[in-house]
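Some notes on the structure that comes next.
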Amino acid sequence: AEEKENDLFMVGDPYQNIYKKTQNFSKAGISIKGRRSRKLKINYRTTEEIKHLAMKVVSEVPVEDFDGNPENMKGYLSLMHGDEPGYLTFTTPEEEDQYLLDKLNQFMINDLINPGEICVCSRTNYGVEDTKKLLNSAGISYTDLSSLKKTDNAVKVSTFHNMKGHEFKIVLVRGMSAENIPFKHSQYDQLTEKERLQYDQQERALYYVVFSRAIQALYITGTGSKCSWLE
């Protein structure tokens with residue numbers, strides 16, 4: 001595109017970089033200096049309380065803006081307010097499951113909210129399949145967010161990565177305990193200290209993405225001890 005007034009419009013959030021991609025517009029020959037760029041500091045999607053938790057998770061992660069300079073979160077503001085995000089851990093998985101079902105029934109009873117505006121998500125595919133079994137056992141209709149067949153009146157279930165680009169009035173996040181954060185893949189113990197730091201930062205960015213999908217309410221649960229990343 002020829003460089004002139006109104007030639008390109010691009011928008012992005014460097015804190016949502018969950019795939020280790022470096023995006024530097026200047027090095028790509030795209031000038032964004034001076035009046036050609038600005039920060040968008042008003043959040044219209046989530047409540048201030050949800051935004052605060054999402055940003056807290058990545059507050060210590062070094063992030064570069066799209067010109068290669070250090071990014072910061074100063075001045076960001078949400079226009080809406082609501083309840084503080086809930087973070088509860090339980091002694092057994094069965095207790096966590098019952099809490100999830102109670103919450104879903106609370107929202108759906110008397111048609112207080114369309115089930116399609118609720119998403120239950122987990123870090124792994126295994127966690128998603130476990131959620132499906134739980135909802136099946138309770139007779140709650142659901143649809144997988146990755147499925148081509150969507151049902152508007154069914155609760156959505158998803159992995160964390162598939163949440164990117166979506167938004168829901170209610171988000172319930174499962175399996176978030178000290179033991180499971182960060183998610184430790186089969187090669188995690190073989191990572192060098194530098195590689196582990198980079199991986200952990202990428203996981204924090206992923207949690208930031210997931211939490212910021214919630215518009216009105218965010219509920220986080222786990223089994224065992226709470227994770228210090230969310231405290």
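Quick check on this structure: which one of 127, 116 is more than 14 Å from residue 175 (Cα to Cα), assigned to a helix (DSSP H, G or I) and under 18 Å from the mean Cα position of the chain (by Cα)? Selected residue: 116, the only one of 127, 116 that is more than 14 Å from residue 175 (Cα to Cα), assigned to a helix (DSSP H, G or I) and under 18 Å from the mean Cα position of the chain (by Cα). When the residues of region 59-106 are filtered to those that are out of contact with any strand residue (DSSP E or B) (no Cβ under 8 Å at 6 or more places or on another chain) and open to solvent by 90 Å² or more (accessible area, probe 1.4 Å), the one that is farthest from residue 174 (Cα to Cα) is 74.
All told, residue 184 falls short of being under 22 Å from the mean Cα position of the chain (by Cα), surrounded by fewer than 18 Cβ atoms within 10 Å (Cβ to Cβ) and part of a strand (DSSP E or B). When 231, 203 are checked against the criterion of being open to solvent by 30 Å² or more (accessible area, probe 1.4 Å) and of a type in the set (Asp, Glu), a single residue qualifies: 231. Is region 4-16 home to any residue that is within 25 Å of residue 80 (Cβ to Cβ), modelled with pLDDT of 90 or more, under 15 Å from the mean Cα position of the chain (by Cα) and surrounded by 16 or more Cβ atoms within 10 Å (Cβ to Cβ)? Among the residues of region 4-16, not one is within 25 Å of residue 80 (Cβ to Cβ), modelled with pLDDT of 90 or more, under 15 Å from the mean Cα position of the chain (by Cα) and surrounded by 16 or more Cβ atoms within 10 Å (Cβ to Cβ), which makes the answer no.
Filter region 47-72 down to the residues that are of a type outside the set (Gly, Ala, Ser), out of contact with any Phe, Trp or Tyr (no Cβ under 8 Å at 6 or more places or on another chain) and under 30 Å from residue 196 (Cβ atoms) and list them by number. Correct list: 52, 56, 60, 62, 64, 65, 69, 70, 72. In region 22-40, the residue that is most open to solvent (accessible area, probe 1.4 Å) out of those that are at pLDDT 80 or above and β-branched (Val, Ile, Thr) is 30. Of all residues in region 149-161, those satisfying the criterion of being surrounded by 13 or more Cβ atoms within 10 Å (Cβ to Cβ) and either charged (D, E, K, R) or within 23 Å of residue 99 (Cβ to Cβ) (or both) are 154, 155, 156, 157, 158, 159, 160.
Only a single criterion out of (1) more than 20 Å from residue 103 (Cα to Cα); (2) part of a strand (DSSP E or B) is not satisfied by residue 172, namely (1). Going by the structure shown, is residue 72 polar (S, T, N, Q), at pLDDT below 80, closer than 23 Å to residue 202 by Cβ and within 17 Å of the chain's Cα centre (by Cα)? No; evaluated as a whole, the condition is false for this residue.
In the set (1) surrounded by fewer than 13 Cβ atoms within 10 Å (Cβ to Cβ); (2) at pLDDT below 80; (3) under 16 Å from the mean Cα position of the chain (by Cα), residue 111 fails one condition alone, (3). Filtering 137, 177, 225, 146 for residues that are among the polar types (S, T, N, Q), open to solvent by less than 50 Å² (accessible area, probe 1.4 Å) and either out of contact with any His (no Cβ under 8 Å at 6 or more places or on another chain) or without any contact (Cβ under 8 Å) to a residue 12 or more places away in the chain (or both) leaves a single hit, 177. Restricting region 41-58 to residues that are without any contact (Cβ under 8 Å) to a residue 40 or more places away in the chain and not in a helix (DSSP H, G or I), the residue that is most open to solvent (accessible area, probe 1.4 Å) is 44.
The values are calculated or read from the model by the stated rules, or taken from the named source; none is laboratory data. Since the model is a prediction, treat every value here as computed from it, not as a measurement. Here Cβ is always computed from backbone atoms with ideal geometry, including for glycine, and neighbour counts include all displayed protein chains. SASA here: full protein model, heavy atoms, side chains in, ligands and nucleic acids out. Shrake-Rupley method; radii C 1.70, N 1.55, O 1.52, S 1.80 Å.
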